[in-house]
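Here's the structure we're looking at; comments come further down.
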Amino acid sequence: MGDVIVIDESEPGGQWRYGCPNGHTDWIKRDGMIQCRSCPHPKIPGRVSYDVVLDLKTGQQIAVDEVRVR
Ligand SMILES: [Zn+2]
């Protein structure tokens, strides 16, 4: 287990350092997953879910469990 990463959405650039595995930053956290609004979904637009987020600065994938969104 790594350190818990806190993403403060009220901070400028807070959420935007992290993206879905395809690099989109237009996501929300819900039910222990993130939902990306920018990833194409075959049936339901805007409803693609992942259990990791991508740190756009380091290129590392981080388990959603280790991410807190304030
Ligand atoms: Zn995406």
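The values are calculated or read from the model by the stated rules, or taken from the named source; none is laboratory data. Bear in mind the structure is a predicted one, so any value in this text is a computation, not a measurement. To get the accessible areas, we keep the full protein, side chains included, count just its heavy atoms, and leave off ligands, DNA and RNA. Shrake-Rupley method; radii C 1.70, N 1.55, O 1.52, S 1.80 Å.
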Query raised in the report: What figure in square angstrom, to the nearest 10, would you give for the accessible area of residue 50 with a 1.4 Å probe?
Result: 50
Report task. Send over a whole-number figure in Å² for the accessible area per residue of segment 5-69, probe 1.4 Å. Result -> 62
Report task. Compare 34, 44, 5 by solvent-accessible area with a 1.4 Å probe and give them largest first, with all protein chains kept in place. Result -> 44, 5, 34
Requested in this report: Classify segment 5-69 as rounded, prolate or oblate from the Cα gyration tensor: take a ≥ b ≥ c as the square roots of its eigenvalues, call it rounded if a/c is under 1.5, otherwise prolate when a/b beats b/c and oblate if not.
Outcome: prolate
Query raised in the report: At a probe size of 1.4 Å, how large is the accessible area of residue 3, to the nearest 10 Å²?
Result: 130
**Report entry** Whole-percent carbon and sulfur share, accessible surface of segment 5-69, 1.4 Å
**Finding:** 46
